[in-house]
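Read through the structure below, which is laid out as structure tokens, and then see the notes.
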Amino acid sequence: MKKLLLLITLFINCQSFSQTKFGYKVSIGSTGVDYSTYNRFLSTNNGVGLSAGIFANIEAGDDFYLQPTIQITRHIATVSFKADIIQNQPAYSITAIEYAVNIPFNMVFKFNSIELGLGPQLNLAFSGSNYFYSSLDSKFGLNFLAGYSINEKSRIQANYSFDFRGYDNIKKTAIYLSFMRTFGQ
């Protein structure tokens, strides 16, 4: 109990003396998968992804801030296998759905109302629907963003992120349009 009170006190003090702002983020976008093995019978299509989470804007200068974010995402991709007449295999498709926690840590530069940023991202998948996504998968990647501050509390951001290829030769990509709003005054 004492530790919890200490943490709450530190949080309140950090809020009152620093230029750190907290907020929420909701996103919709296009998500996909790239399976990097040459296969003329394999094609992939993007799906619609959703995301929601919280973020912090930590001012590190006049026109520069750090933006760590924690968000729950839903990635969807459809992988189609074309018919192979030689081996007598019919065409079929698999729709892969993944739920994950994405943790991007962006460095954001602000030019008047325009924001540009980039940073590393950790993707922790905790649920997958089939072969292309495992149930306990973690990958590192990069996140790029461009945004516009509507006012002091609200902004719109476009994010492009991708995971580095792992041992499974699968790279996940996402393009999201996000609405962000900070709490408080």
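Tabulated data for the structure shown
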{"quantity": "Extension gain, Lys153 back to Met107 (0.36 nm per residue minus Cα-Cα distance, nm)", "calculated": "14.7 nm"}
{"quantity": "Chain lengthening between Phe183 and Tyr24 when straightened (0.36 nm per residue, less Cα-Cα)", "calculated": "56.5 nm"}
{"quantity": "HN-Hα J in Hz across the range 53-70 - Karplus 6.51, -1.76, 1.60, θ = phi - 60°, x for Gly and Pro", "calculated": "x, 10, 9, 10, 10, 10, 5, 10, x, 5, 10, 9, 8, 9, 9, x, 9, 10"}
{"quantity": "Distance between modelled label sites at Ile114 and Glu59, nm, 7 Å Cα→Cβ extension", "calculated": "2.3"}
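Readers should treat all values here as calculations from the given coordinates under stated rules, not as data from a laboratory. A quick note: this is a predicted structure, and the numbers were derived from the prediction, not measured. When we count neighbours, we look across all protein chains shown, and the Cβ atoms used for this are built from the backbone with ideal geometry, even at glycine.
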